[in-house]
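> Sharing a structure, written as structure tokens. Questions coming.
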Amino acid sequence: MFSAHILTLFPEIFPGPLGHSLAGKALENGLWSLKTSQIRDFAKDKHQTVDDTPYGGGAGMVMRADVLDAAITHAHSLLPNAQLIYFTPRGIPFTQKLAHELTQKNLILLCGRYEGVDERLLQTHKPLEISIGDYVLSGGEIAAITLLDSCVRLLPGVMGASESLSEESFSLDGDFAGLLEYPHYTRPPMWNGQEVPDVLLSGHHVDIRNWRLQEAQTTTKTRRPDLWKKFLA
Ligand code: ADE
């Protein structure tokens, strides 16, 4: 079973959105498991200190390597072969491909706060450092929720119709691979002066598929020229 163990100073954030909808149902049904540990529980002093001022001066606080090391060692004792992940804007960009790969492993997810963690912790444990985008969050927790949400919906049995995976944005294979998703319509057939495209009401599955592919290509070309270039290559 796909298992995730989150190391955080704010365990009450979880499961949060992961306890609802698809991911929440899958969690209830035992298709994956989620555990959190409070990093503060691994502090050694009576004030349960987890951070300290940076050597060399500067703003903010740095999370201590010794405390984080104890938390990671504990998590590894529960999930021996798990992949350790650390969330940081300095990490490799998170992608759909990486989401697929990470569903093949159990995960220990280290969520930093403040200015970050002592570099020696990273040198010692060599986590996979992941960024969810070129902007700065106040901690790794929302990144962890984002990553797990995208992984869990890929697990067998979590999504209903498997074709809804192969035609969505960023799908890895099929005719729609590398393209953004085509637009969707449902009832009523006329709303706010706007009709549903005729082809979708035609019942011609080949025509519908061709129309959707055309729409996916046009959308990708205009909105994401970077993805379009990759698609053509
Ligand atoms: N922590 C702070 N900002 C982040 C980001 N963009 N991605 C992952 N972790 C982060």
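> With unit charges on the beta carbon (Lys/Arg positive, Asp/Glu negative), name the residue among LEU110, LEU31, ALA75 whose Cα is farthest towards the positive pole of the charge dipole of the chain.
Comparing the listed Cα positions along the dipole, ALA75 ranks first.
> Another question, then. Within the chain, what's the longest run with no trypsin sites (Lys or Arg not before Pro) in a DSSP loop and at most 13 other beta-carbon atoms within 10 Å? Give the range, please.
Numbers: sites that count: LYS44, LYS46.
Counting at most 13 other Cβ atoms within 10 Å as exposed, the longest clean stretch of the chain is 47-233.
> Suppose we flag chymotrypsin sites (Phe, Trp or Tyr not before Pro) only when DSSP calls them loop and at most 10 other Cβ atoms lie within 10 Å. Which is the longest uninterrupted stretch of the chain?
Formally, the longest exposed-site-free interval is 136-233.
> Roughly how far apart, in whole Å, are the Cα centres of segment 190-225 and segment 1-48?
Answer, in whole Å: 41.
> Let me ask something additional. Just for the chain, what percent of DSSP beta bridges are antiparallel, to the closest 5?
DSSP beta bridges in the chain are roughly 15 percent antiparallel.
> Along the positive direction of the dipole of segment 2-152 (beta-carbon charges: Lys, Arg +1; Asp, Glu -1; about the Cα centre), which of ILE145, GLN123, SER3 reaches farthest?
It is SER3, whose Cα lies furthest towards the positive end.
> Contact order normalised by length for segment 2-152, with contacts defined as Cα pairs under 8 Å and 6 or more residues apart; what percent is it?
29
> What is the antiparallel percent of DSSP beta bridges lying wholly in segment 82-172, to the nearest 5? Before the final figure, lay out each step's value.
Values: 0 of 9 bridges.
Counting only bridges with both partners in segment 82-172, antiparallel ones make up about 0 percent.
> Is it possible to state the helix-based mean residue ellipticity at 222 nm for the chain, with each DSSP H run of 4+ residues giving -39500 (n - 2.57), the sum divided by total residues, to the nearest 500 deg cm²/dmol? What is it?
Result for the chain, helices only: -10000 deg cm²/dmol.
No value in this document is a laboratory result; all are computed from the given coordinates. Every value quoted in this text rests on a predicted model; they were computed, and no experiment measured them. All Cβ positions, even for glycine, are placed from backbone atoms using ideal geometry, and neighbour counts span all protein chains on display.
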